[in-house]
Amino acid sequence: MMKEGMMDENESSELTEDEKRLFADLMPEDLSEILDTGVNRRHFLKLMTLAGGGILAAQSAVAEQLMTRPFNEAAPADYALESIENGVNVSFKVNGTARKLTVDSRMTLLDTLRERLDLTGSKKGCDHGQCGACTVIINGHRVLSCLTLAASCEGKTVQTIEGLAQGNSLHPVQEAFLKHDGFQCGFCTPGQICSAVAMLDEAKKGHLSYVSETVRQPAGPAKLSNEEIRERMSGNICRCGAYPNIVAAIQEVHSGKPVEQVFRSV
Amino acid sequence: MRPFTYSRATDPSSAIKMLAQNPTAKFLAGGTNLLDLMKEDVERPGALIDISELGLTDIKPLTTGTNQGGISLGGLSKNTETANHPLVRQNYPLLTQAILAGASGQLRNMATNGGNLLQRTRCPYFYEVAMPCNKREPGTGCGAREGINRMHAIFGWSEQCVAVYPSDMAVALAALDAVVKVRNASGQERSIPLGDFHRLPGDKPEQDTNLPHGELITAIELPKNRFADKSYYLKVRDRASYAFALVSVAAALEMDGASNRIKAVRIAMGGVAHKPWRALKAEQLLVGKEATEANFKLAATAEMAEAKPLAHNAFKVELGNRSIVLALQMAMNGGKA
Ligand SMILES: Cc1cc2nc3c(=O)[nH]c(=O)nc-3n(C[C@H](O)[C@H](O)[C@H](O)COP(=O)(O)OP(=O)(O)OC[C@H]3O[C@@H](n4cnc5c(N)ncnc54)[C@H](O)[C@@H]3O)c2cc1C
Ligand code: SF4
Ligand code: FES
Ligand code: FES
């Protein structure tokens, strides 16, 4: 339950029997979980005012976000570990720091980073692997945190946008995005930058892309044309269309030579 | 997402046993298809068995067995590792191209070879639980049959299901005579030729493949490739990258000595059927013929004459026709070899 002081005096923290029944009708699967995690009346009323079909989705999201909590932290009564459904213990490293959590088996890495570890740089765009906004680097490889279960990260090393700068000095890709205005609203930017950092490593290792000129030549560091950069970055969608600037920024880091700023040359 | 138990398997045999014991359990490999479908409430496993740390990631030459001289690709190797492996690049450039034509860099870093083979259709009615779909819920009808079916099949569909199978990798594997190695709960290994792995929908569209519950894909084997010099994967889609195929063609040719005569040819198509579609008719017409544009066109036209388009996808017939010709021409030119 929430702290008493946070509630209106005349508001009871418990749901009435009618309210429980309403919950049971709407979302039988989630009822016990919701009650166990201590949804109070205020929360309940807020949920009930959400319109139409969205309510189920909204509630599951809320429930899932409630469901990840620290493994070793002294949890408030309503966050007792027993109330976590199918809890899984995971120890992993995030931006150099060891983390230990117990998470609901359903929790994605993206929600864990954002809701449990307060690392809100990684963004939830589509939540279905289609936009790249949630891109993080696991064990050196760029992956989508929205399609990764936190439970599967045992023993792994996760790097997010928050972990790229060294103290006050930005990562070269971050610098280049600033110089080239590689964004407008900035929503896709953390994903773009994490993706670019790992993509440049892939190119150094000689990885190919669908637009590479030849396949059979032995692997060596790949020299990327702008077309190659576009293809290799196609998993990161930018709704603001900052693509020319993004490509220029990445090309500058890749080639090691200054690239003319696109917005100046037009 | 519905609740499920999560466990990490540490070796193949215990993973298979865990799956075989529980009819609602599923293997979790890269998760890029399964988790997406669980979020949509299309897949509802009661248990996930994480197989991503089992091993089975070797990519190695085959020195014995029926595919001696060929290669074995681990069932759990990532798509990125597979596409970029020197043995694959050098000897199976068609496979490299096909894998790289699919999804995005991030997804290929997560996706495994076994999971890729078992990815499910992208039919939008299948993804939307409010819609009828025989594949998702047998007996509810097929939303796409009389609905919006621009992306759907032109070959081998049934009144029960007109969906297409989305994998690019599998189209190249079909052209390369791949064999899928699977293991069951009693530890027995079986080989399933790729052509028999996926199935046409018939009156059981809920069944994508001939792999029974409880079996694990351990590897994919490829015989020695005689097509390495002349092959090409052509993918046609609505945008330049990061989209599923409208039509794709894996073309591979072996010439008779130094002549322009075709000794052997493989043509497989994606985006047109419930499984990778071998263009057998076109292949038959080309064997022993000169590799000319006129012959390519004859073969392509004969193959596509068998197509049965739906209300919104008649364009795939002409697109398929031209794609076959272009892919064969690119293969002849040693496209990207
Ligand atoms: C936005 C997006 C775009 C995409 N675009 C393309 C594209 O253009 N072309 C393309 O080909 N693909 C595309 N994909 C699909 C992607 O290639 C597949 O999702 C991926 O290959 C699946 O592999 P996985 O390891 O993640 O499988 P999972 O999601 O882990 O598993 C898929 C299924 O296979 C089963 N399974 C996994 N491994 C085994 C095994 N070894 N033995 C037995 N069963 C197993 C699982 O139980 C599950 O049922 C796209 C995906 C997304 C999200
Ligand atoms: S085409 Fe197949 S997958 Fe699509 S709605 Fe019809 S039955 Fe379902
Ligand atoms: S939020 Fe993960 S890809 Fe869009
Ligand atoms: S900067 Fe707005 S989405 Fe890319």
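State all residues of the stretch B:272-305 that are within 28 Å of residue B:116 (Cα to Cα) and either outside any helix (DSSP H, G or I) or open to solvent by 30 Å² or more (accessible area, probe 1.4 Å) (or both); if no residue qualifies, say none.
The answer is B:272, B:273, B:274, B:275, B:276, B:277, B:278, B:279, B:280, B:281.
Filtering the stretch A:221-245 down to residues that are open to solvent by less than 30 Å² (accessible area, probe 1.4 Å) and more than 25 Å from the chain's Cα centre (by Cα), which residue is farthest from residue A:122 (Cα to Cα)?
A:222
Return only the number of the condition from (1) surrounded by 21 or more Cβ atoms within 10 Å (Cβ to Cβ); (2) within 27 Å of residue B:30 (Cα to Cα); (3) among the β-branched types (Val, Ile, Thr); (4) more than 10 Å from ligand 2 (Cβ to nearest atom) that residue B:129 does not satisfy.
Only one criterion is unmet by residue B:129, namely (1).
Restricted to the stretch A:171-212, and to residues that are acidic (Asp, Glu) and part of a helix (DSSP H, G or I), which residue is farthest from residue B:87 (Cα to Cα)?
Step by step, filter the stretch A:171-212, then rank; the result is A:175.
Do the conditions hold for residue B:171, that is, is it open to solvent by less than 10 Å² (accessible area, probe 1.4 Å) and in contact (Cβ under 8 Å) with a residue 60 or more places away in the chain?
Spelling it out, residue B:171 is indeed open to solvent by less than 10 Å² (accessible area, probe 1.4 Å) and in contact (Cβ under 8 Å) with a residue 60 or more places away in the chain.
Please find, among B:196, B:168, the residue that is more than 14 Å from every other protein chain (Cβ to nearest Cβ), more than 16 Å from ligand 2 (Cβ to nearest atom) and within 17 Å of the chain's Cα centre (by Cα).
Residue meeting the stated conditions: B:196.
Where in the stretch B:20-126 are there strands (runs of 3 or more DSSP E), lying fully within it, with 2 or more residues that are away from ligand 4 (no atom under 16 Å from the Cβ) and over 24 Å from residue A:104 (Cβ atoms)?
Here the list reads B:59-61, B:71-74.
Considering the stretch B:82-99 alone, what residues qualify as being over 15 Å from the mean Cα position of the chain (by Cα) and either within 16 Å of ligand 2 (Cβ to nearest atom) or among the hydrophobic types (A, V, I, L, M, F, W, C) (or both)?
We begin by selecting, within the stretch B:82-99, every residue over 15 Å from the mean Cα position of the chain (by Cα); these are B:84-93.
Hits for the stretch B:82-99 are B:87, B:88.
Just one of B:8, B:108, B:89 is farther than 26 Å from residue B:269 by Cβ and within 13 Å of another protein chain (Cβ to nearest Cβ); which is it?
B:8
(1) open to solvent by 10 Å² or more (accessible area, probe 1.4 Å); (2) acidic (Asp, Glu); (3) away from ligand 3 (no atom under 16 Å from the Cβ); (4) facing chain A (nearest Cβ under 9 Å): which one isn't true of residue B:43, the others all being true?
Here residue B:43 clears every test but (4).
Using beta carbons and a limit of 7 Å, which pairs, at least six apart or on different chains, have the first residue in the stretch A:233-258 and without any contact (Cβ under 8 Å) to a residue 24 or more places away in the chain and the second one open to solvent by 10 Å² or more (accessible area, probe 1.4 Å)?
A:234/B:241; A:234/B:242; A:244/A:262; A:247/A:226; A:247/A:230; A:258/A:252
Each row is one residue, and each column tells you yes or no for (1) polar (S, T, N, Q); (2) within 16 Å of ligand 4 (Cβ to nearest atom); (3) within 14 Å of chain B (Cβ to nearest Cβ); (4) within 21 Å of residue B:90 (Cβ to Cβ).
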residue: A:204; (1), (2), (3), (4): no, no, yes, yes
residue: A:213; (1), (2), (3), (4): no, no, yes, yes
residue: A:218; (1), (2), (3), (4): no, no, yes, yes
residue: A:233; (1), (2), (3), (4): no, yes, yes, no
residue: A:236; (1), (2), (3), (4): yes, yes, yes, no
residue: A:245; (1), (2), (3), (4): yes, yes, no, no
residue: A:249; (1), (2), (3), (4): no, yes, no, no
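Please enumerate the residues belonging to the stretch B:11-37 that are at the interface with chain A (Cβ under 8 Å from one of its Cβ atoms) and touching a Pro at 6+ places or on another chain (Cβ under 9 Å).
B:28
Only one residue in B:191, B:186 is modelled with pLDDT under 95 and either away from ligand 3 (no atom under 16 Å from the Cβ) or open to solvent by 10 Å² or more (accessible area, probe 1.4 Å) (or both), so which one is that?
The conditions single out B:186.
Tally time: how many residues in the stretch B:228-238 are in a loop (DSSP other than H, G, I, E, B) and surrounded by fewer than 22 Cβ atoms within 10 Å (Cβ to Cβ)? I'd like the intermediate steps shown before the answer.
Within the stretch B:228-238, the first condition is being in a loop (DSSP other than H, G, I, E, B), and the residues that meet it are B:228-230, B:237-238.
Then drop every residue that is not surrounded by fewer than 22 Cβ atoms within 10 Å (Cβ to Cβ), which leaves B:228-229, B:237-238.
Counting residues in the stretch B:228-238 that are in a loop (DSSP other than H, G, I, E, B) and surrounded by fewer than 22 Cβ atoms within 10 Å (Cβ to Cβ) gives 4.
Would you be able to say whether some residue in the stretch A:246-254 is within 16 Å of ligand 1 (Cβ to nearest atom), buried (at least 20 other Cβ atoms within 10 Å of the Cβ) and not polar (S, T, N, Q)?
So far as the stretch A:246-254 goes, no, none of its residues is within 16 Å of ligand 1 (Cβ to nearest atom), buried (at least 20 other Cβ atoms within 10 Å of the Cβ) and not polar (S, T, N, Q).
Please tell me if residue B:79 is away from ligand 2 (no atom under 16 Å from the Cβ), facing chain A (nearest Cβ under 9 Å) and out of contact with any Asp or Glu (no Cβ under 6 Å at 6 or more places or on another chain).
It is false that residue B:79 is away from ligand 2 (no atom under 16 Å from the Cβ), facing chain A (nearest Cβ under 9 Å) and out of contact with any Asp or Glu (no Cβ under 6 Å at 6 or more places or on another chain).
Would you be able to tell me the number of residues in the stretch B:239-258 that are at pLDDT below 95 and either open to solvent by 30 Å² or more (accessible area, probe 1.4 Å) or in contact with a helix residue (DSSP H, G or I) (Cβ under 6 Å, 6 or more places away or on another chain) (or both)?
Counting residues in the stretch B:239-258 that are at pLDDT below 95 and either open to solvent by 30 Å² or more (accessible area, probe 1.4 Å) or in contact with a helix residue (DSSP H, G or I) (Cβ under 6 Å, 6 or more places away or on another chain) (or both) gives 5.
Could you check the stretch A:183-224 and list, in sequence order, the residues that are over 26 Å from residue B:235 (Cβ atoms), touching a residue at least 40 places away in the same chain (Cβ under 8 Å) and within 16 Å of ligand 3 (Cβ to nearest atom)?
Listed by number, the residues that qualify are A:185, A:187, A:190, A:194.
Taking only pairs six or more apart or across chains, which ones have beta-carbon atoms under 7 Å, a first residue in the stretch B:114-132 that is more than 14 Å from chain A (Cβ to nearest Cβ) and within 17 Å of residue B:214 (Cα to Cα), and a second residue that is more than 16 Å from ligand 3 (Cβ to nearest atom) and not in a helix (DSSP H, G or I)?
Short answer, once both residue conditions are applied: B:114/B:29; B:114/B:75; B:114/B:76; B:114/B:217; B:117/B:167; B:117/B:180; B:117/B:217; B:118/B:209.
The values are calculated or read from the model by the stated rules, or taken from the named source; none is laboratory data. Keep in mind that what you see is a predicted model, and the values were worked out from it rather than measured. Cβ atoms come from the backbone with ideal geometry, glycine included; neighbour counts cover every protein chain shown. The accessibility values were calculated without ligands, DNA or RNA, using every heavy atom of the protein model including side chains. Shrake-Rupley method; radii C 1.70, N 1.55, O 1.52, S 1.80 Å.
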